[in-house]
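Each value in this text was obtained by applying a stated rule to the coordinates, not by laboratory testing. What you are looking at is a predicted structure, and each value in this text was computed from that prediction instead of being measured. Backbone-built Cβ (ideal geometry, glycine too); neighbour counts: all protein chains shown.
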Amino acid sequence: MPLTLDTPTAAELPTLVEIWEAAVRATHHFLPESDLQVIKPLLREQYFPAVQLTCARAESGRILGFLGTSEGMVEMLFVDPACHGQGVGKRLMRHAIDALGTRRVDVNEQNPQAVGFYQHLGFVVTDRSRLDGGGRPFPILHMKLARA
């Protein structure tokens with residue numbers, strides 16, 4: 001699938017929130033609805049401004065997924081569930097690794113699909129936290145790129 005990578009505009013941030021929500025609902029079955037509703041407004045208010053955003057677009061210009069990086073770390077990677085398994089996440093991660101020098105990622109332990117995805121790209125678990133960044137009881141695996 002031909003993809004273009006670029007920076008989303010401010011007007012496209014609601015689309016990123018929609019992709020985030022759809023992806024979380026498809027992969028984060030452990031996350032209660034109440035937590036999802038708390039996190040959702042924080043995306044635009046706090047999380048997006050704190051990262052360098054890159055989106056993957058189809059030839060039509062439609063955003064299929066996005067990546068947020070900061071200081072050598074993938075802070076967020078979300079792909080429209082309709083595009084899972086089509087190379088969108090891999091293309092975004094290759095960009096993060098090759099162009100942005102990203103070498104670290106944190107991933108929810110309860111999301112084995114994501115853990116396997118990062119392992120396939122060469123990331124290995126280096127540590128584990130029993131709580132997520134918000135202090136919730138969702139263990140986080142800290143991963144580092146073992147090979148580029």
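A few remarks follow.
- Within the chain, no helix built from a complete DSSP H run reaches 18 Å or longer along its own axis (Cα positions) while carrying a mean Kyte-Doolittle hydropathy of 1.0 or higher.
- Working note: 222 nm ellipticity from helices only, DSSP H runs with n ≥ 4, each -39,500 (n - 2.57), summed and divided by the residues of the chain, gives -9500 deg cm²/dmol to the nearest 500.
- In plain terms, the residue of Phe123, Phe66 with the fewest other Cβ atoms within 10 Å comes first and the most crowded comes last, giving Phe123, Phe66.
- Using all pairs of distinct alpha-carbon atoms, the Kirkwood hydrodynamic radius of segment 4-145 works out to 15.3 angstrom.
- Taken about its Cα centre, the chain carries a charge dipole of roughly 420 debye when the Cβ of each Lys and Arg holds +1 and the Cβ of each Asp and Glu holds -1.
- Sequence of Phe78, Phe30, Phe117 once ranked by neighbouring C-beta atoms within 10 Å, starting from the fewest: Phe30, Phe117, Phe78
- Cβ crowding within 10 Å ranks Cys55, Cys83 as Cys83, Cys55, fewest other Cβ atoms first.
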